[in-house]
Structures are given as structure tokens and as C-alpha cells.
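This report refers to the structure that appears directly beneath it.
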Amino acid sequence: MFLGYEALDLARFQFAFTVSAHIFFPAFTIGLASFLAVLEALWLKTRDDAYMKVFDYWKTIFAVTFGMGVVSGIVMAYQFGTNWSVFSDKAGPVIGPLMGYEVLSAFFLEAGFLGIMLFGLDRVGPRLHFLATAVVAVGTLLSAFWILSANSWMHTPAGFEMNEAGQFVPADWWAVVFNPSFPYRFVHMVLAAYLTTAFVVGAVGGWHLLREPANRGARIMFSMAMWMALITAPAQVIVGDLHGLNTLEHQPAKIAAMEGHYETRRGAPLILFGIPDDAAETVHAEVSIPKLGSYILTHRWDGEVKGLKEWPPADRPSAELIFWTFRIMVAIGFAMAVIGLWGGLARLRGRLYEARWLMRALVLMGPSGFLAVLCGWITTEVGRQPWTVYGLLRTADSVSPIAAPAVGASLIGFMVVYLAVFGAGTFYIIRLMGKSPDTPEDIGILGPTRSAGITPVAGLLDRLIRSG
Amino acid sequence: MEIDLPFIWAGLIAFSVLAYVVLDGFDLGVGMLFPFYRKKEERDVVMNTVAPIWDGNETWLVLGGGGLLAVFPLAYSVVLTALYAPLIVMLLALVFRGVAFEFRWRTKRAKFLWDWSFSGGSLVATLAQGVALGALVQGIEVEGRAYGGGWWDWLTPFSVLTGFALVLGYTLLGACWLVMKTEGAIQAKARAFAWYTGSATLLAIGLVSMITPFLNPAYLARWIAWPTVLFSIVVPLMVLVCVYRLFLGLERGSDRQPFFAAQGMFVLSFIGLGISFYPYMVPPSLTIWDVAAPDRSLGFLLVGTLFLLPLILGYTAYAYWVFRGKVRVGEGYH
Ligand code: HDD
Ligand code: HEM
Ligand code: HEM
């Protein structure tokens, strides 16, 4: 025991804390890497330096974010062994190779070409440099592919057998990799990353346009972000719905918890708001639309929807948290779709750069992608409880034989270090975003990203040192 | 004949650990030497010698960890639990060190903080790695399929010794790297450091090698049994050859020879360690075959690895080649 907590609770909290911190960075870098590749391609095609300026602007931000993604990710790779050693021993033969492929096919690719992308323009020339940028972007997507396959397998295990030692052993790799929830989760997460980036880029563009309506770089950002939002936000709503239907098939208890359904019913209502209470097995102060719940989940008005009471209490996830996280995510999803359509409409009328209320809305929604991603993951992971490998291996049976004080101490270490270090990083990123994209001396000079020769570095450095 | 997949994988994991030591070793060493450079321009240059490649170097550590989970899951779960404290400390230290590469350019006022975070993180991470290595060499207690020892088992005089030995060794690698990648005053200072740390590393290797055989009767037997006794003679001799080349290179002002000679010392020490270990993965009780995942897991990953590993080595070499040559003050990537 440590401050009244068991090692298991502490290990869970530590994993949740470190992985939540980590996911912020991929959610941003996956989208940003693709955005950068597109910007550089546009620059190569048009040779319009405005694109290069925007590229440099976001490249610096990308570098800072990516660094934090790497260090927080390395922690994750070791957490499975330090805190979840029984899980590692048992599920390692199946999910280990997936993560192995992530390292081999994605991390090395990203790391190998990141240096060239950040520092190498003068050394390799524009074409090879573009190739490096594109390779980094592909690397982030490959990374998402493998890690989400591993994670999805824990939700919907397939293609395995058990051996005498109680380990999961692979029987059919194709079935393992493309397990039933993986395609949905992969598409949903990649869209989530693109949306997160689109709203950050759009918010930064909008912020600067509100101040300097003619700012060329800010216009490029704003316009590109609005295209992205227009296409991906409605797509995300549809994909999210399909994802949910798939979950209903494989993890109905999770859906029951997300929806706040305790009773199995035909013609179940859609609960908009309420306060789920696991102990009393009811939702207090419920506001609901009759029969709509059944319609959304079964596409029939009187379809049967299972409630949590179908499962023994020991096998149920808690509804109290994910009822809310799910609603926050969905609300943000619809808000994003509305903004995407609004932007499309403004563009159609030729007034995109005058749409000041749209810009304000974007600034407000800038961080919403991160919140939606976090809420989505909490819904997914807490809804999987009490299992690590769904239906087969309990979380309580996965934990390492570690003493609570050891986990407690390391948990405090992670919290203090992450808050300080990533807090500082976030501050630097926001400060970089505050600089106008059209004042060349502000871009990249502060950092190792601008090569000598393009600008009179020494003089500018001096100025910056005085100003920064 | 059946292919012995666990054996092949033991070789591949050993290779990736060695690749990590060879590549990230000098990178951490540069971090530890960083505080000895006082001028801002010098510090910029010192950091820039590794800035474009550090991430790739550290990825070998991820491969070591991730690979272990994939192919030797039992070893992964036992070792990581046993070495809980040093590993967590290492991870936290790597956080400090890794972010410094970017953060230090983002601020003027707090720059000194990130300078400290860079060098302090490098030092602590190295120390933790050395301690973890020492604890593993000493042996880990296993009960059933789990770690059976206590929370402080990793902390012994021997593991502290290996901790400091690794600090000296990585600093040597870092100094030699700087000799190769810089010039002028920075290089001269690095050369002096290489002299000190080279001698100290030799001493440390000697000390560790003398103690190791007595930690475990199996190690001793290995070192005096025929034919492995041949190695007991050849490996130390070759280490001495490397040391000679190192000092000769420093004496003659060669740029590259010290670096490769120092790396040679590391490779040989690693081979020596491998001889002691084999066939154990978690000494003194679990062999490679005890901890291996089923052949279907090993085979699945091996197919891709045989294709991807050469590719990785290829483009890693390319990245080093792109950033070849000296890094000069005021020049480079800034
Ligand atoms: C959907 C995407 C996604 C998800 C769910 C995760 N990651 Fe991640 N990870 C990435 C997407 C990503 C990335 C985009 O590839 C990163 C972000 C920044 C970076 O450096 O690469 C990364 C970095 C990154 C690194 C550093 C790689 C390097 O050295 O370059 C490691 C070791 C991990 N991750 C491991 C994990 C583990 C063990 C996870 C599960 C708990 C995890 N990640 C969840
Ligand atoms: C990256 C985004 C992710 C987030 C934000 C996230 C969030 C969480 C949360 C909140 C928990 C704690 C649940 C609880 O104890 O109630 C958890 C547990 C866990 N997750 Fe995730 N998760 C993520 C991705 C992953 C991935 C990609 C994997 C595996 C490849 C994974 C594997 C696990 C494991 C092993 C546990 C610990 C056991 C458990 O409590 O179920 N997670 N995660
Ligand atoms: C109306 C819109 C949306 C719907 C209907 C929806 C639906 C869902 C469902 C049902 C899950 C849980 C799946 C499971 O655990 O099996 C989920 C997870 C998730 N959602 Fe959404 N979602 C929507 C919008 C969004 C948005 C806008 C984002 C981010 C920008 C987002 C990010 C995520 C993430 C990161 C996860 C966890 C990973 C996963 O399981 O895919 N979602 N979503």
C-alpha cells in the first residue's frame, strides 16, 4: 500500500497518465507531418516562397512536439515490462511482434529521416529533402498502424491459441493484425489526428488573420485547415458511427456503459444527459429521447439494446466516467463538422478571409482535437475494463509483482517531470504560434532549423537574443 | 535440420543492444562533456554534432526493449520488473535529455536550465544503464514465471562499479566523437578528455573483468574451460591493441582513429560479456530457450527483420553521411 492505494491501482493510474501524455504528441505530429509534406510539395510545384515560410514556421513547432513524442513514447515501450509484466509474458508473443514491426518499419524511418528533414535542406537539395519529409509522414502513419493493431487486438482478440504456460500464441497472423476492431480504430484515429492538426493550424491562421487580414502565410494556413476540416470532420462522424456499431457487436458491455444503459430494453431511449450511478444501477436526472437509442444502435425503432445488468458486476465496465467522455467526444465531432461546413460555405461565397466569426470560432476550437482524442481513448480503454485482453485476461491478473511504494514513487516522478518538462514545451509551442507567419526573422531563427546562408544569421540572432 | 530461431534472435537482440551502445554511447558521452564547454558558441557546436542523429541512435534502445517483448517476453517481464528502479530513472533522465535538443533553442532566459537538463540527463541515464547492466550480470532471482527478488537487489557495490565504468566509457566515446567532428579549441579539449577517460576506462574494464568471473561459477568455468579459454586470452589482448591505437591516434593528432579504437574497446568488452552470458538470457536461471516466444512469433518477426534491418542500416548510414565532416562554430544548422 502507498498512501492507501494498491499497487494495481497505482500501476493503472501510472499507465493512464503516461499514455495520455504521450497521445497528445502523436495526435498532433501525425497530422502535422502530412501537412508539412503537402506544403513542401506545393512549394516544389509553385516555387512560391510563401509556402516555404509556412513550412518553416510549422517545422519548428513540429520539431519541438516530435521531441516530446519520442521521449514520452520510449517510456511507454518500457512500461509494459515494468508495470504489466504478467500481461507482457502472456500476450507478448502476439502483441510483441506487432510493436517490433512498429519499431523496425516506423520508428527507424521517422528517426532516420527526421534529421535530414530538420537540418538537411542545404545538404541534400530540395527534392531529396521533400522525400525525407514525406518519409517522416509515412513513418508516423505506419507507427499508428502497428500500435493500433496491437491495441485493437487487446479489445477484439483474434487469430490466437493458448499454450501450456498460459500464453497467447499466434495461430493466424493475418487475423491478428487485421482483428475485427482494427480497421475502424485505425481510420478513426488517423482522422482524429488530421482533425486535431487542422484545428490547431486553422486556429493559428485565424488568430493572425484577425490581427493582420492580409497576412499571406496566415491565409494559407487558414485555407488549408478549412479544406481539411470540411473533408475529414463529416467523415469522422460517419466513421465514428460505424466504429460504435462494430463495438456493439464485439464489446456490447462497453456500449451499454457509454450509453448509460443499465436495463436491457426494446425501444431504448437515447440518453442525452444524466448522472450514471453504478452502485444504484441507474441514471439520475436523465434527459432522453425515447426510442432513438435503439434506432442508432440497431437501426430499428424497437431493436433490443443490452444493458449492463446483463453482465455480472465483476465483468462490467464503469459507466460513470465514459458516459461523459463519450459525449464530449461526440459533441466536439459534431461541432467540428459544423465548422467545416461553415468554412465551405464561406469559401463558396468567396468570403473565407473575411469570415471573422469563423476565425474566432476556430481560435476557440483550436485545442478541441486534443480533448476529443483524450476523451475517445478514455472511452475505449476504460470501457474495456475489467480486462486487458478482452474477455480473456483480467487487468487484476496482468500487473507486475511490484510493491506499491515502488510504483507510487515512480508515479510521482512521472507526474512531476512530465508536468514540468511538457509544460515548458507546451509554453514554447504556444509562444512560437504567437509569432506572425510573415515576419521572416521570427521564423526558425530561434532554433536549429534554419541553415546558414539563407538569412544573415548573426545579426538576427543578436536581435533575438535581445528580444527573447 | 530445424532452424534454431531463439538462437538467431538472441544474436539479433545482442546486435541491437550493441548497436545501441556503439551509437548512443558517444551521444550520451557528448552530453556529459557538455558542461565542460563554457562558451555559448562551443556548446552550440558540441550539441549540433549529435542533434541530427540522436533520435536514430536512441531508437536502438526502443528496439532492444520492444524486441525483447516480442521474442523473449518472459525475459522482458522478469528483467524489467527486477530492474524497475534503475530503468524508471533512466527513462526520466532520457526525457530531460531528449527535450533539451529542441527546448534549449526556444528560450534565452531558461537556456541554462536545458543545458543542465541535457548534461544531467545524459549522466543519470548512463549511470542507470551501467547499474542495470551490473545487476543483470550479477544475476536475477526468478520464482516460477516472475521476478522473485527484493526491491533493492539491483543496488550492490558491483552494480555501482559498472555504473561508473559506463560513465567513463561513454565519456571516452563522446570525447573521441568530438575529436572527430570538431576542430580548434573544442577539439583540443576533447583530446585531453580522451586521454583521461581512456586511461580510466581501461582501468574500469580491467576491474570489472576481474570481478565478473567470481560472481557466478558458470562464468568462471566458461573462462577457464577449453576452448573458450582461447577467448579469455585473445579478447583482452585485442582490447589492449585498441587501447594502443587509441592513444597512438591521440598522440599523432588523428581525427578518426581514436573514435574507432574506442568503439573497438566497447565491441570487444561486449563480446566478452556475451561469452560469459551464453546461453543464459537472465542469469543464473533462464536460458535463451526458456524465455523464447513460440516459433510462430519468432518466425513472423524474423521475416520482416531480415528485410528491414539491412534497410535501416542503409539509411542510417546515409543520414550519417549527409551530416559528415566537421561542425564549425557559427556554421552548420543554425
Ligand atoms: C495513433 C498513434 C499512436 C499511439 C496510439 C501510440 N503512439 Fe507512440 N508514437 C506515435 C504514434 C502513436 C508516433 C506518431 O509515431 C510518434 C509520436 C512522435 C514520435 O516521435 O513518433 C510516437 C513515438 C513513440 C516512441 C518513440 C519512437 C522514437 O524513438 O522515435 C515510442 C517508443 C512509442 N511511441 C511507443 C508507444 C507505445 C508503447 C504506445 C502504446 C501504449 C504508443 N506509442 C501509442
Ligand atoms: C495512446 C492512447 C491511449 C490512451 C490515452 C489510453 C488510455 C488508457 C487508460 C485511461 C487506461 C486505464 C484504464 C483503467 O485502468 O481504467 C489504460 C490502460 C491500458 N492501456 Fe491504454 N490507452 C491508449 C493506448 C493504448 C495502446 C495503444 C495500448 C497497447 C498497445 C494500450 C494498452 C493499455 C494497457 C496494457 C493498459 C493497462 C491495463 C488496463 O488498465 O487495462 N493503451 N489506457
Ligand atoms: C460524432 C462523432 C464521433 C463518434 C460517433 C465517435 C465514436 C467513437 C466510438 C464509438 C469510440 C469507441 C470505440 C471503441 O472503444 O470500440 C471512439 C473512440 C475514439 N474517438 Fe471518436 N467518435 C466521434 C468523434 C471523434 C472526434 C472528433 C475525435 C478526435 C478528433 C475522436 C477521437 C477518438 C479516439 C482517439 C478514440 C479512441 C481510439 C479508438 O477506439 O478509435 N472521435 N469514437
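The C-alpha radius of gyration of segment A:44-200, expressed as a fraction of 2.2 N^0.38 Å, stands at 1.25.
Against chain A, whose longest principal axis is taken from its Cα atoms, helix A:108-119 shows a tilt of about 20°. Modelled spin-label separation between B:PHE15 and A:TYR5, with each label point placed 7 Å from Cα along the Cα-to-Cβ direction: 4.2 nm. The Cα-based radius of gyration and maximum Cα-Cα distance (Dmax) for segment B:181-220 are 16.4, 50 Å.
Looking at segment B:76-139, what % of the alpha carbon pairs are farther apart than 15 Å? The proportion of pairs with Cα distances above 15 Å equals 53 percent.
I want to check the label-to-label distance for B:MET210 and B:PHE307. Put each point 7 Å from Cα in the C-beta direction and report it in nm to one decimal. Label-label distance for B:MET210 and B:PHE307, simple model: 5.2 nm. Candidate cross-link partners of A:LYS254 among the lysines, defined by an alpha-carbon separation under 29 Å and a same-chain spacing of 8 or more, comprise A:LYS90, A:LYS291, A:LYS306, A:LYS309. Averaged over peptide A:133-139, the number of partner chain Cβ atoms lying within 10 Å of each residue's Cβ comes to 0.
Averaged per residue, the protein assembly as shown has 39 square angstrom of accessible surface, using a 1.4 angstrom probe with ligands and nucleic acids left out.
Taking the 0 to 90 degree range and rounding to the nearest ten, how far is the long axis of helix B:295-322 tilted relative to the main principal axis of chain B, both from C-alpha atoms? Tilt of helix B:295-322: around 20 degrees. For chain A, the longest principal axis of the alpha carbon atoms and the long axis of helix A:85-102 meet at an angle near 40°. For A:PHE427 and A:GLU263, the difference between the fully extended length at 0.36 nm per residue and the C-alpha to C-alpha distance is 54.4 nm.
Separation between the A:GLU320 and A:TRP301 pseudo-spin-labels, each 7 Å from Cα along Cα→Cβ, expressed in nm? Going from the A:GLU320 label point to the A:TRP301 one covers 3.7 nm.
Tally Lys/Arg at +1 and Asp/Glu at -1 over every other residue whose Cβ is under 13 Å from the Cβ of B:ASN57; what's the total? Numbers along the way, then the final one.
Details: positive: B:ARG97; negative: B:ASP24, B:ASP27, B:ASP55, B:GLU58.
Within the 13 Å Cβ shell, the charges total -3.
Note on chain B: Kirkwood radius taken over Cα pairs, Stokes-Einstein applied at 4 °C and 1.567 mPa s, translational D equal to 62 µm² s⁻¹. Per residue of peptide B:49-55, the mean number of Cβ atoms on other chains within 10 Å of the residue Cβ is 5.
On segment A:45-179, 64 percent of the accessible area sits on carbon and sulfur atoms, based on a 1.4 Å probe. Per residue, the convex hull spanned by the Cα atoms of segment A:280-357 measures out at 154 cubic angstrom.
Mean projected area of the convex hull spanned by the Cα atoms of segment B:214-334, taken over all viewing directions: 12.1 nm².
Of the solvent-accessible surface of chain B, computed with a 1.4 Å probe and all protein chains present, 74% belongs to carbon and sulfur. The stretch between A:LEU392 and A:ARG349 holds 9.9 nm of extra length on full extension. This uses 0.36 nm per residue minus the Cα-Cα distance. What FRET efficiency comes out for the pair A:ALA285/A:VAL416, r = Cβ-Cβ distance, R0 = 45 Å, nearest 0.05? So the FRET efficiency works out to roughly 0.70. A 1.4 Å probe over all protein chains sorts B:ARG109, B:ARG43 by accessible area into B:ARG109, B:ARG43, starting with the largest. Equivalent ellipsoid of the protein assembly as shown: semi-axes from √(5λ) of the C-alpha gyration tensor, largest first, are 45, 37, 21 Å. Each principal axis of the Cα atoms in segment A:200-332 has its own extent, and those three values, largest first, are 61, 28, 26 angstrom. Estimated translational diffusion coefficient (Stokes-Einstein, Kirkwood radius over Cα pairs, 4 °C, 1.567 mPa s) of chain A: 54 µm² per second.
With the convex hull of its Cα atoms as the shape, segment B:174-269 has an orientation-averaged projected area of 6.0 nm². With Cα atoms as the point set, the radius of gyration and Dmax of segment B:98-229 evaluate to 19.3, 63 Å. Shielding of peptide A:420-429 by partners, expressed as the average count of other chain Cβ atoms within 10 Å per residue Cβ, is 4. Taking Cα pairs under 8 Å and at least six residues apart, what relative contact order does segment B:77-162 come out at, in percent? About 37 percent, as a whole number. The peptide list A:234-245, B:141-152, A:318-329, put in order of mean Cβ contacts within 10 Å with the highest first, becomes A:318-329, A:234-245, B:141-152.
Across segment A:320-368, what fraction of all alpha-carbon pairs, as a whole percent, falls in each successive 10 Å bin from zero upward? Spelled out bin by bin, segment A:320-368 gives 25, 43, 22, 10, 2 percent. For segment A:1-132, a Kirkwood radius taken over Cα pairs fed into Stokes-Einstein (25 °C, viscosity 0.890 mPa s) yields D = 143 µm²/s. Each Lys or Arg adds one and each Asp or Glu takes one away; over the other residues whose Cβ falls under 11 Å from the Cβ of A:GLU320, this sums to -2. Using the Cβ of A:ASN215 as centre and a radius below 12 Å, the other residues enclosed give a net charge of +3, where K and R count +1 and D and E count -1.
Across the cross-link table entries A:LYS53/B:LYS189; A:LYS435/B:LYS108; A:LYS435/B:LYS326, which are compared at the Cα atoms, the separations over 28 Å belong to A:LYS53/B:LYS189; A:LYS435/B:LYS326.
Taking all protein chains together and a 1.4 Å probe, the residues A:PHE199, A:PHE273 rank A:PHE273, A:PHE199 from largest to smallest accessible area. With contacts taken as Cα pairs under 8 Å and at least 6 residues apart, chain B reaches a relative contact order of 24 percent. When chains B and A come together, the accessible area they lose, probed at 1.4 Å and totalled over both chains, is close to 6700 Å².
The values are calculated or read from the model by the stated rules, or taken from the named source; none is laboratory data. Quantities reported herein were computed from a predicted structural model and do not represent experimental measurements. Don't worry about glycine lacking a Cβ; one is built from the backbone with ideal geometry, like all the others, and counts go over all protein chains shown. Please note that ligands, DNA and RNA were not included when accessible areas were found on the heavy atoms of the full protein model with its side chains. Shrake-Rupley method; radii C 1.70, N 1.55, O 1.52, S 1.80 Å.
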